[in-house]
Structures are given as structure tokens and as C-alpha cells.
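Just so it is clear, none of the values below were taken in a lab; they were calculated from the coordinates. All figures in this text were calculated on a predicted structure; none of them were measured in a lab. Using ideal geometry, Cβ is built from the backbone for each residue, glycine included, and neighbour counts are taken over all protein chains shown.
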Amino acid sequence: MAVAMNEHLPKRILVTGGGTGIGLGIVRHLRDLNRDVIVVGRRPQPLEAAAALGAIVHAWDITDNVQGLFDLVGPIDGLVLNAGQYRHEMCSQWSVETWTDLWRVNTLAAVLLSTEFANRLVGPGAIVAVASTLAKRPAPGAAAYAASKAALLSVIQHLALELAPRGIRANAVLPGIVPTAMTTSEQDSAKAQDHHDYAMGLHPIGRLGRPSDVASTVVHALANPWMTGANLNIDGGLLVRE
Ligand SMILES: NC(=O)c1ccc[n+]([C@@H]2O[C@H](COP(=O)([O-])OP(=O)(O)OC[C@H]3O[C@@H](n4cnc5c(N)ncnc54)[C@H](OP(=O)(O)O)[C@@H]3O)[C@@H](O)[C@H]2O)c1
């Protein structure tokens, strides 16, 4: 990335869910650019990978006490809303528990983290949310997750509009399928192979995503001083296929 762009990359950035998968890829990219990075996730053990990259880590559930989290973390000028959860449920099984849990972590926590970030920030800054192509294109069993991510896109656009006069930008990235703990939990090897073949067929570019594919786009959105309110597809062509 050009030096001029890096000038606008926030200096101290909180990455939620940065101990695993896509989040860890974002932490690696930011540390390579010498940024101070703070990472939160619920389980202490996965956070060790982020600590090994030089991030400050805190075991914290983002659905709890967001003000307490910001007191602990201290001043930041970048926020990456990456933590998320998925649950597969067909409409015949939709449950209050799943819809509540997924909206709490994927949407409401992002809302509360963003407002706390903006209220404490003096000067410019940037927010990037990791949404999903499912926010734009449905898939069987994904409604609770997809709807929570679609709402997140709207939250980001409102943040972009309202915070632009203060020099605070907000953007969203929409990844296609990236093999991580979230997408590879199937134990049955035949079903896992079927799922892999199905996933491959969704991406015209001919491969699934890597955390680094998404991370470079997140960092670009954090750094680009004229980008705000954007929905960035990073999906191997998933959203443009027939
Ligand atoms: N992988 C994909 O194909 C894909 C596609 C589109 C979008 N995404 C999005 O990308 C983001 C990262 O997912 P991933 O694929 O990298 O899966 P992942 O490895 O399961 O990452 C999710 C992270 O979120 C953390 N987390 C979950 N609930 C939390 C909570 N209440 N408080 C704090 N941290 C919490 C998890 O840590 P703990 O469990 O320790 O809390 C974990 O580190 C998610 O928002 C996901 O929706 C993924």
C-alpha cells in the first residue's frame, strides 16, 4: 500500500474476534504495518495467536458491558467489527433463541461498540464491519445470520452519513466463503466434502477465500481517506454469478 494511504490508517485499532480465522488475518496485516492492535474474543486460548503477533489481548464477550471494554482498551482510532456467529436453521425451525443470539452478537454488539467508539473519539477515525455476501443473497438455513448482517450494512451506512462531518468513516466488507472454524464445523467427512464442492461452485474465480484476501480489503477500507459508506464485495465473484 502506498505510503500516502498509510498516513490515514488508524494508529490504534480494536479488532473483535481477532484470535481466529479472518480476524487473525486482519491482525497480522495491521501488525505488519506496525499498528497497535487490541483483540477481544470470549475464549482466552485462541487469543494467544494474536498475542504472538504482538497484539494486546483481552478475553471479553462483546455482548457484555461495552463501556467497561472501552475503559479497559483505552483510546483507539480504529474499530474492526469482525466477531460474529453463524447458526444453520431452516424456517420450519426458526427459534427465538437463535434470532436473539445472532442479532445480539452480529448486530446489536456492533451498534453499541460503534456508538461508544464515536462518542469517545476526538479527531478522525475509521470503522470497518465484516458483514457477508449472505446479507445480499439468501441461502437455505441462513436467514437469522443473513438478516443480522443485512441490518449491519444499514447500520454502517447510517454511521457513515452521520459521522462524516467529524472525519469518522464507516465501511463494510462482504466476504464470500472462507474456510474457518465458522464454515468447517461439519464432522461427517462425506458431508464436509459435499459442502466444500457446493461452496467451490459458488465462486466463479475457482477457489474459496483466504483470511488474507479479506484482511487486505479491511485494511484498505480503514486507510482510504475518501472511502465511506461502501459495501465491498470480496467474494471470488459470488455476487455476480448467475
Ligand atoms: N468464514 C466465512 O466464510 C465468512 C463469510 C462471510 C463473513 N464472515 C464473517 O467473518 C467474521 C469472522 O468469522 P470467521 O469466519 O473468521 O469465523 P471464526 O473463526 O469463528 O471467528 C469468529 C470470532 O468471533 C469471536 N466471537 C464470537 N462471538 C463473540 C462474542 N460474543 N464476543 C467476543 N468475540 C466473539 C470468536 O471468538 P470466541 O468464540 O472465543 O468468542 C472468533 O474469534 C464473522 O463476522 C463472520 O460472520 C465469515
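So, in Å, what gap is there between the alpha-carbon centers of the range 191-230 and the range 79-130?
Cα centres, the range 191-230 to the range 79-130: 19 Å.
Rounded to the nearest 20 Debye, what is the dipole magnitude of the chain about its Cα centre when Lys and Arg each give +1 and Asp and Glu each give -1 at the C-beta? Numbers along the way, then the final one.
Working: 19 positive and 20 negative charges, 86 e Å.
That gives a dipole near 420 debye.
Exposure proxy check: W99, W60 ranked by fewest other beta carbons within 10 Å? Display every interim value, and only then the final one.
Working: W99 17, W60 20.
Ranked by crowding around the Cβ, least crowded first: W99, W60.
How high is the FRET efficiency from E186 to A150, r the C-beta distance, R0 25 Å, rounded to 0.05? Don't skip to the answer; put the middle values down first.
Details: r = 25 Å, r/R0 = 1.01.
The pair E186/A150 has a calculated efficiency of 0.50.
Sorted from largest down, what three extents in whole angstroms do the Cα atoms of the range 73-143 have along their principal axes?
Sorted from largest, the Cα extents of the range 73-143 read 48, 23, 15 Å.
Would you please state the base-10 log of I(q)/I(0) at q = 0.10, 0.12, 0.14 1/Å for the range 12-232, with intensities from the Debye formula using one equal scatterer on every alpha carbon?
Scattering profile of the range 12-232, log10 relative to I(0): -0.42, -0.62, -0.85.
How do E242, E7, E116 line up, fewest other C-beta atoms within 10 Å first? Let's see the in-between values first.
Values: E242 3, E7 9, E116 17.
Final ranking by Cβ density, sparse to dense: E242, E7, E116.
Evaluate the charge dipole of the range 179-223 about its Cα centre and quote only its size in Debye, nearest 20, assuming +1 on the Cβ of each Lys and Arg and -1 on the Cβ of each Asp and Glu. Mind showing how you got there, number by number?
On the way: 3 positive and 5 negative charges, 39 e Å.
In total the dipole reaches around 180 debye.
Among Y86, F70, I127, which residue has its Cα positioned farthest towards the positive end of the charge dipole of the chain, with +1 placed on the Cβ of Lys and Arg, -1 on the Cβ of Asp and Glu, and the dipole taken about the Cα centre?
The one lying farthest along the dipole's positive direction is I127.
Could you line up Y198, Y86 from fewest to most neighbouring Cβ atoms inside 10 Å?
Working: Y198 11, Y86 18.
Arranged by neighbour count, lowest to highest, Y198, Y86 become Y198, Y86.
At 20 °C and a viscosity of 1.002 mPa s, what translational diffusion coefficient does Stokes-Einstein give for the range 110-242, taking Rh as the Kirkwood radius over Cα pairs? Give it in µm²/s as a whole number. Kindly include the intermediate steps, with their values, before the conclusion.
Numbers: Rh = 15.9 Å.
For these conditions, the coefficient is 135 µm²/s.
Using only helices, what value at 222 nm comes out for the chain when you add -39,500 (n - 2.57) per DSSP H run of length 4 or more and divide by the total residues, to the nearest 500 deg cm²/dmol? Provide the component values of the computation, followed by the final result.
Working: 9 runs with 100 residues, N = 242.
For the chain, the value works out to -12500 deg cm²/dmol.
When only C-alpha pairs under 8 Å and at least 6 residues apart count, what is the relative contact order of the chain, in percent?
Details: 468 pairs, mean separation 53.7, N = 242.
It comes to 22 percent, rounded to a whole number.
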